[in-house]
Amino acid sequence: MKRRMDEMYDMKLKDPYMDRNIYKDPTICPTCKLIYHNKRWFWDEKLYDELMSKKSEVNFKECPACRKISDHYPLGVVYFDKDGLRPDEFENLKRRIANEAEYEIKRNPLARIIKEYEQDGYYVVETTTETLAKKIAKAVQKTFHGDLEFSFSDGHKFLRIEWSRNSEK
Ligand SMILES: [Zn+2]
């Protein structure tokens, strides 16, 4: 089932990795050094050093983003149809994706790109949050125009977005 963006935009997926009960305060992610403290996740070099000096009081557990990456569990997958994209446009598109991801991680450190690859004429970007997938798709649409099509995987496990400039498809 495919629906237009407006309907889909505010729908929220259940994120099985965001159960806060499994994290004790404070927790450090050994993979990316993200800190869980006062019910939120953030990077803080000073606090990190401080916590590392009293390791026995700190819990170590991978953050939800690193767990999704190691489990390969994307919440968003964006398919960019390369049909009709010139090579220089494709390079710009990839840069646009990277910029948007860099911007979003400052807002939410758990929003990461899991994988980017080419497949059957598509450039595919997998993300740890559906919000990052939406933001990347919208940023590309803003720059390159075209259409976005949203659908959910079976069982609402992840949001699938397809971007294409060939609207007759
Ligand atoms: Zn981490």
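The set of residues in the stretch 19-33 being within 11 Å of the ligand (Cβ to nearest atom) and either of a type outside the set (S, T, N, Q) or more than 10 Å from residue 58 (Cβ to Cβ) (or both) consists of 28, 29, 30, 31, 32, 33. For residue 39, state whether it is assigned by TED's automatic domain parsing to the domain that holds residue 61, at pLDDT below 95 and exposed (fewer than 12 other Cβ atoms within 10 Å of the Cβ). Yes, satisfied.
Against the test of being in contact with a Cys (Cβ under 9 Å, 6 or more places away or on another chain) and modelled with pLDDT under 95, the options 9, 23 yield a single qualifying residue, 23. With respect to the stated conditions, residue 67 fails to be assigned to a helix (DSSP H, G or I), surrounded by fewer than 13 Cβ atoms within 10 Å (Cβ to Cβ) and modelled with pLDDT of 95 or more.
In the stretch 42-69, how many residues are under 26 Å from residue 131 (Cβ atoms) and touching a residue at least 12 places away in the same chain (Cβ under 8 Å)? Selection size over the stretch 42-69: 13.
Filtered by the rule that a residue be of a type in the set (Phe, Trp, Tyr) and in contact with a Leu (Cβ under 8 Å, 6 or more places away or on another chain), the stretch 37-88 gives 41, 42, 43, 80. Of the conditions (1) closer than 21 Å to residue 69 by Cβ; (2) more than 9 Å from the chain's Cα centre (by Cα), residue 110 satisfies every one except a single condition; which number is it? Of the numbered conditions (1) closer than 21 Å to residue 69 by Cβ; (2) more than 9 Å from the chain's Cα centre (by Cα), the odd one out for residue 110 is (2). For the stretch 95-103, the criterion of being hydrophobic (A, V, I, L, M, F, W, C), surrounded by 16 or more Cβ atoms within 10 Å (Cβ to Cβ), within 16 Å of the ligand (Cβ to nearest atom) and assigned to a helix (DSSP H, G or I) is met by at least one residue.
Within the stretch 72-93, at least one residue is more than 24 Å from residue 33 (Cα to Cα), part of a helix (DSSP H, G or I), modelled with pLDDT of 95 or more and within 18 Å of the chain's Cα centre (by Cα). Across the stretch 35-87, the number of residues qualifying as on the phi < 0 side of the Ramachandran plot and within 16 Å of the ligand (Cβ to nearest atom) comes to 30. When the stretch 114-169 is limited to residues that are on the phi > 0 side of the Ramachandran plot and outside any helix (DSSP H, G or I), the one that is surrounded by the fewest Cβ atoms within 10 Å (Cβ to Cβ) turns out to be 120.
The values are calculated or read from the model by the stated rules, or taken from the named source; none is laboratory data. For clarity, every value in this text was computed on a predicted model and none was experimentally measured. Note that we place each Cβ from the backbone using ideal geometry, even for glycine, and neighbour counts take in every protein chain shown.
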